[in-house]
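Note sheet for the following structure.
The values are calculated or read from the model by the stated rules, or taken from the named source; none is laboratory data. Remember, predicted model here, so these are calculated numbers, not experimental data. Note that we place each Cβ from the backbone using ideal geometry, even for glycine, and neighbour counts take in every protein chain shown.
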Amino acid sequence: MSNIVLSADHLPRDATFNTQTKVFEWTAIEGEDSVRIRAKDLAFNLTATHEIVFQ
């Protein structure tokens, strides 16, 4: 059992993030957008956040 929980708290319009399969799906459109993915370690109460900007 993994102690790492992934979540997406900022997704582009029409994007999905499946927390069970860890799959992010999105068809990009012209322009700039971003996605923010969080990884939380439940055993040590640590959180890492990564933001990706699409241009």
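Structure values in brief
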{"quantity": "The range 4-35 - residue that is out of contact with any Pro (no Cβ under 9 Å at 6 or more places or on another chain) and modelled with pLDDT under 85 and, of those, surrounded by the fewest Cβ atoms within 10 Å (Cβ to Cβ)", "calculated": "GLU30"}
{"quantity": "PHE54, sole failed condition from (1) surrounded by 12 or more Cβ atoms within 10 Å (Cβ to Cβ); (2) modelled with pLDDT of 85 or more", "calculated": "(2)"}
{"quantity": "Residue tally, condition under 19 Å from ILE4 (Cα atoms) and either in contact (Cβ under 8 Å) with a residue 40 or more places away in the chain or in contact with an Asp or Glu (Cβ under 6 Å, 6 or more places away or on another chain) (or both), over the range 17-37", "calculated": "1"}
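To keep it simple, each residue is scored yes or no on (1) part of a strand (DSSP E or B); (2) more than 8 Å from the chain's Cα centre (by Cα); (3) on the phi < 0 side of the Ramachandran plot; (4) of a type in the set (Ser, Thr, Tyr).
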{"residue": "ASP9", "(1), (2), (3), (4)": "yes, no, yes, no"}
{"residue": "GLU30", "(1), (2), (3), (4)": "no, yes, yes, no"}
{"residue": "ILE37", "(1), (2), (3), (4)": "yes, no, yes, no"}
{"residue": "THR49", "(1), (2), (3), (4)": "yes, yes, yes, yes"}
{"residue": "ILE52", "(1), (2), (3), (4)": "yes, yes, yes, no"}
